[in-house]
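Just below is one structure, and these are the notes that go with it.
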Amino acid sequence: MRLRESARLCVLLALGGVLSERAKPEPAPPTHAECVELLQSGLCNQTVVQRVASAGSPLLRPLPFYSLGAVLEAKDAQMLSAWGAFKEMGNYDLCISEPDSHHCIIHAFGGPSLGTCLPSKCSAADYMRLFACDELFLDEGANATAALLPPALRNATALLRLLAGTLDYLAAKSTTKCADSVTHAMGPGARATLGVLVALACAVATATFVNAMCGCLTPVPKAIASQWDAIANSRRLLAARASGDLDFLNGVRVLSTGYVVLGHLFLLCVFNAKNAVPAVGSYLSSFEVTLIVGAFSAVDTFFWLSGVLAALALLNQAERAARTHGPSQPLALPPVLGVGAPAREASPAGEAVGCLADVDGAPAEVWVVTFASALRQTGLALVHRVTRLTPVYAAVLFTYAWLFPLVGSGPMWASVQVDPWDDLCKTSWWANLLYVNNLVGGGAVAGAGGAGGGNVGTGGCMGWTWYLANDFQFFAGAALVLPWYPRAPRTVVACLFAAVALSIVATAALSAQHNMGITTFGAAYASLVYFKPHTRCGAYAVGSLFGVFIHERRRRRRAERDLAALRGGVETEPPRTWPELVVALSSGLLLAAVFLLPWTDIKEGGLFDPRRALWPQWQHDLYNALQRPAFAAGLCGLAHWCMRRGGGVVRELLAAPVWAPLAKLSYGAYLWHLIVIEYVSYGAKDYMLFTRVNIAIQYVFVVAIAFALSYLSFVLVEKPFMNLEGQVIEYLAGSRSERSDADGSGMRGARRGGLDAAIRSGVRNPELGEPLINPLA
């Protein structure tokens, strides 16, 4: 018994050191009589064709299972990794063409995955019982042999006992899924989801037909139909906007989306590759792997973009709501971002105000911010954010939970239908729609590589949407703080710097406490750092600080233009200076350091072997703490250079008009891309061959299909609800403005009217290409 337990421990330590066991009840071991009955029945006796169609040996049951004892005895790391990564599907088409046959895949815990062709009457449970019977017979044989040997020779049966314990463990912990278990029957959830999608499609088709073919509609019905018209919404998607100083961000957004897709596709290819050893192993130890490590920084690009544009939109709204009289003048910034500070005084009503100084130093404008107006701005911004993100998110979420498992087939599709990770969508979808799925609703984190199909990220439903939860939480914090900027700019900026400091300190402390490496593939890093808001808020806060800087720069430029017009001159853009060039070059070097420094740590051990890392732990802690804020700071420097019309051909390429419609589709593409990857991976008839060409082909296919699905969801769900939400808020804002004009005049009426104007302009004519309605920007 001790040897049997030792065998189980060997398998756990050698093969499952970086894995976590899924809790499941172990089947009761069969008795000797049951094993004899099973063997005599011939229930699982394979024909010659079935043996040939099975992976492993055509003469025995899969040979690699029985070679584990020799692998453990050899203690060869390369042999052990080759055994553990072995995947072979067998010949699926040959198997299903054989009468009375079905194809099953055995997933050995910590070991190989093998396709096996079995008689139809032989269930997966019966086949796995054969391993338990083999263990029982081996154990009985070892005991009988030991009883006949003298005590000095009894250790000779240790290898038999080790093999018996190994087979016992594999029989208890392995899982088997058969292709004929795939069902296409629709349950209540699938029928309800399909019904809603069909209703939306009918509404869009009807509105499109009515708008295109009928000219007899009155203005109100025609306006309603135009909100759902697919042709009109497609024209809105392709409509060109006036170029601005931030138009290059469209290219950054689309390319970052593609980079995220590449990282996720690479992970699925690694875990489903039949040639993981040596092809994947050699790639993970090559310099090219820095491209994959860098893909996880693309998420920080999204956080940075979202912080920049959310800050600009919220500050513009706060400025319009707080302005009471006088021309628009630049607000004096705290010393950390500019020179000078606003004067403070009290209004006759006892409300705090900020007194702005014009370019000549004379007071010119008074800003008033009340608690009610700030709270109202926060509430409207959050409502707008929820109504912008949630409709298409819910459509994709319920499609993934109830319809997606029904659209595929093949030897691996049973993993999609019966995987408990995917069942979480049917029980924890509420956490996604409340944007708290990075904190609750998903159970334990599966690691950055994930387990269970598309849940690459967290262990919850659509695990890759942890980003949306973090982004929404960061936006909620910004919406609480930034409306107070006209009244207390120093305090607001201090809050943003505090968020950066929180990210740095929390990440450093967790990294030191848990001895983390610098990649996202460690279980501790994934569960404690990668997905949590207190460790990921740094990039968003840096982006918000940059948004404050841009906001003040634009206000000062407007004031200088107005002053030049009053003096009868023409204000011109100041030329670029060499300090700005130095900042841009330094920012580029900072980004290069974030991308390339990990190679000096992982070049010997590769991406998944932290035990062979070259850096001491304090360097890991320092890099983990500073990596994401430093990356965002580098983006700020390069973005400022591009805003000053630097960057040359790179800026021109990023600002090309072709990126604008793709940027609007980037949200949907992000939601769909891992569903497409999962379909490609688990809908295949064989494990993929890991080559650069195969990955490139699959990448192009996944990106194209993800953006195509994003377009469909854009015209069916996303844009119609955007149009309706904008009309409702505009109507409500107009009604409130009319009531305020009728019921109250003076300072309070002016402030309320200013806020309503801010709401209308922020929703219908935003300055930066709809910053409040672009979740990935």
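The values are calculated or read from the model by the stated rules, or taken from the named source; none is laboratory data. Worth saying up front: this structure is predicted, and the values here are computed from it rather than measured. We place every Cβ from the backbone using ideal geometry, glycine too, and count neighbours over all the protein chains shown. Quick note on the areas: whole protein, heavy atoms, side chains included, nothing else; ligands and nucleic acids left out. Shrake-Rupley method; radii C 1.70, N 1.55, O 1.52, S 1.80 Å.
Quick check on region 461-470: of everything there that is touching a Gly at 6+ places or on another chain (Cβ under 9 Å) and either under 20 Å from LEU545 (Cα atoms) or not in a helix (DSSP H, G or I) (or both), which residue is modelled with the highest pLDDT?
The extreme case among them is MET462.
Between a residue in region 483-509 that is in contact (Cβ under 8 Å) with a residue 40 or more places away in the chain and any residue that is surrounded by fewer than 17 Cβ atoms within 10 Å (Cβ to Cβ), which pairs come within a Cβ distance under 6 Å, given they are 6 or more apart or on different chains? That search, which allows pairs on different chains as well, returns ARG487/ALA352. When region 273-283 is limited to residues that are touching a helix residue (DSSP H, G or I) at 6+ places or on another chain (Cβ under 9 Å) and in a helix (DSSP H, G or I), the one that is nearest to MET688 (Cα to Cα) turns out to be ALA276.
Taking region 90-129 as the range and being within 28 Å of GLU37 (Cα to Cα) and part of a helix (DSSP H, G or I) as the test, the residues that pass are CYS95, ILE96, ALA124, ALA125, ASP126, TYR127, MET128, ARG129.
Residues in region 647-655: is at least one open to solvent by 30 Å² or more (accessible area, probe 1.4 Å) and within 27 Å of VAL396 (Cα to Cα)? Scanning region 647-655 turns up no residue that is open to solvent by 30 Å² or more (accessible area, probe 1.4 Å) and within 27 Å of VAL396 (Cα to Cα). Within region 640-664, the residues that satisfy the criterion of being in a helix (DSSP H, G or I) and without any contact (Cβ under 8 Å) to a residue 40 or more places away in the chain are GLY648, VAL649, VAL650, GLU652.
Among the residues of region 173-197, the ones that are assigned to a helix (DSSP H, G or I) and open to solvent by 70 Å² or more (accessible area, probe 1.4 Å) come to 5 in all.
Looking across LEU238, LEU268, LEU255, one residue alone is surrounded by fewer than 19 Cβ atoms within 10 Å (Cβ to Cβ) and closer than 30 Å to THR691 by Cα. It is LEU255. Being at pLDDT 85 or above and either among the small types (Gly, Ala, Ser) or touching a Lys or Arg at 6+ places or on another chain (Cβ under 8 Å) (or both): is that true of ARG645 here? So ARG645 does not fit the description; no.
Residue count for region 501-536 satisfying the condition of being under 16 Å from GLY294 (Cα atoms), among the hydroxyl-bearing types (Ser, Thr, Tyr) and in contact with an Asp or Glu (Cβ under 7 Å, 6 or more places away or on another chain): 0.
Scanning region 482-509 for residues that are of a type outside the set (Gly, Ala, Ser) and either touching a Ser or Thr at 6+ places or on another chain (Cβ under 7 Å) or open to solvent by 40 Å² or more (accessible area, probe 1.4 Å) (or both) gives PRO483, TRP484, ARG487, ARG490, THR491, CYS495, LEU496, PHE497, LEU502, ILE504, VAL505, THR507.
Could you tell me whether any residue of region 665-684 is open to solvent by 40 Å² or more (accessible area, probe 1.4 Å), in a helix (DSSP H, G or I) and touching a Lys or Arg at 6+ places or on another chain (Cβ under 9 Å)? No.
Which residues, taken from region 597-620, are modelled with pLDDT of 80 or more and open to solvent by 20 Å² or more (accessible area, probe 1.4 Å)? LEU597, TRP599, THR600, LEU614, TRP615, PRO616, GLN617, TRP618, GLN619, listed by residue number. Within the set SER226, SER286, SER306, the sole residue that is assigned to a helix (DSSP H, G or I), of a type in the set (Ser, Thr, Tyr) and over 30 Å from ALA374 (Cβ atoms) turns out to be SER226.
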